[in-house]
Amino acid sequence: MSKWSTLVVMLVACCCCSGVHGIDFGSFFKSTGDVAKVAAKTAKGVVEKVPEIFSPEQLLEFGKQSIVGLPAEAIAATINQICSVALLSNATQSENSVNITDMNYVLMTGDDNVTIPLLESDDLWSNDLFNKKFNTVILVTGWTSNINEPNRAIDTIYNAYKARGGYNFVVIDTAEYVDTLYTWSAFNTNDLGKGLADGLQGLIKYVPLEKIHLIGHSLGAHIVGAAGRQFQFLTNQSIPRITGLDPANPCFNEGESLSGIQRGDADFVDIIHTNAKVLGKRDPIGDADFYPNGVVSVQPGCFDPACSHKRAWELYAETVYPEYEKSLLAIKCNSLLSLNTGGCIGNPVPLGFACPTTAKGNFFLKTNNKSPFSVKK
């Protein structure tokens with residue numbers, strides 16, 4: 001018998017027998033022979049899976065999560081606690097309150113982008129460059145992002161939709177209201193969402209509601225969530241789909257005034273978590289929640305929170321390209337470990353663009369450390 005087998009047999013035997021005086025285990029194990037059989041089967045199963053569970057790759061990843069991820073998670077947890085106290089005392093109320101007249105829609109065209117004030121949305125939807133036959137994607141990016149400066153998230157996702165064709169691609173210019181002190185930016189998300197909802201009322205005069213898809217990254221995810229809720233209040237209708245790309249974690253806690261994006265904000269809410277417990281939310285908050293490489297704070301190829309945080313939009317953008325739309329397939333599961341050891345069964349569900357709106361639950365998958373992110377079997 002190998003060392004692994006011997007160790008597991010001893011552990012299982014101890015677990016099975018340790019409480020024998022306090023609990024009657026007769027209904028579970030009628031003889032010591034049964035205990036031995038269970039121990040042997042368990043040992044055999046674990047030994048078979050040891051190369052998968054404790055591979056050099058897995059050990060390296062565990063080490064990286066411990067060294068890089070845990071300190072960042074501890075800092076984020078502290079910030080969250082401070083933010084919760086501040087919210088109770090209204091200390092986070094922004095000194096840069098939202099003035100909706102400063103916000104703009106930007107219709108990306110590849111040449112001269114069309115910029116229209118948010119309160120004059122009819123001028124955008126009726127613009128000759130806005131194709132009323134196309135589906136419409138509206139993107140809101142995160143903290144410190146500014147459409148007037150180079151923005152890789154916007155450029156990457158737009159280029160993917162441009163390659164695909166058949167979409168109006170609109171970005172919300174938040175006029176630096178998410179480019180200020182983080183707590184003020186977070187406090188502004190509800191007001192920014194309400195402004196977007198006002199504009200969406202104008203959009204549905206020109207575009208069927210079923211052709212609208214809202215996407216948000218980081219704080220932008222909470223803005224589109226708020227827009228979805230406000231749109232329901234204003235119109236008694238619901239946005240068909242909202243996608244949250246690693247929704248921001250600090251200051252957004254369930255039951256507090258900044259609850260953020262959640263299932264129910266649209267007919268279907270899908271979430272991609274890539275920097276769990278640090279810059280991004282950990283808990284499942286959508287109809288379908290995707291956890292690339294598990295519930296981790298550090299993604300493959302990354303060594304800082306910002307890299308892992310942006311991985312969400314990198315993954316999503318890749319799936320927009322027709323040849324990659326079903327390349328990142330996830331399985332409904334409760335952990336990556338269970339997935340790796342064959343503990344989860346079910347039909348694969350594509351992460352990102354082609355995610356079916358019937359998907360429900362938590363989904364796990366492994367990815368590469370760079371594009372193309374699909375892991376070849």
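Overview of values
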| item | result |
| --- | --- |
| The range 210-323, accessible surface, carbon-and-sulfur percent (1.4 angstrom probe) | 49 percent |
| Gyration tensor (alpha-carbon) shape descriptor, the range 259-376, a/c threshold 1.5 | rounded |
| Mean Cα-pair separation over length for the range 104-322, i.e. relative contact order, pairs under 8 Å, 6 or more apart, % | 18 percent |
| Heavy-atom accessible area per residue - the range 104-322, 1.4 Å, Å² | 35 Å² |
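The values are calculated or read from the model by the stated rules, or taken from the named source; none is laboratory data. Remember, it's a predicted structure, so these values are computed and weren't measured experimentally. What goes into the accessible areas is simple: the full protein's heavy atoms, side chains included, and nothing from ligands, DNA or RNA. Shrake-Rupley method; radii C 1.70, N 1.55, O 1.52, S 1.80 Å.
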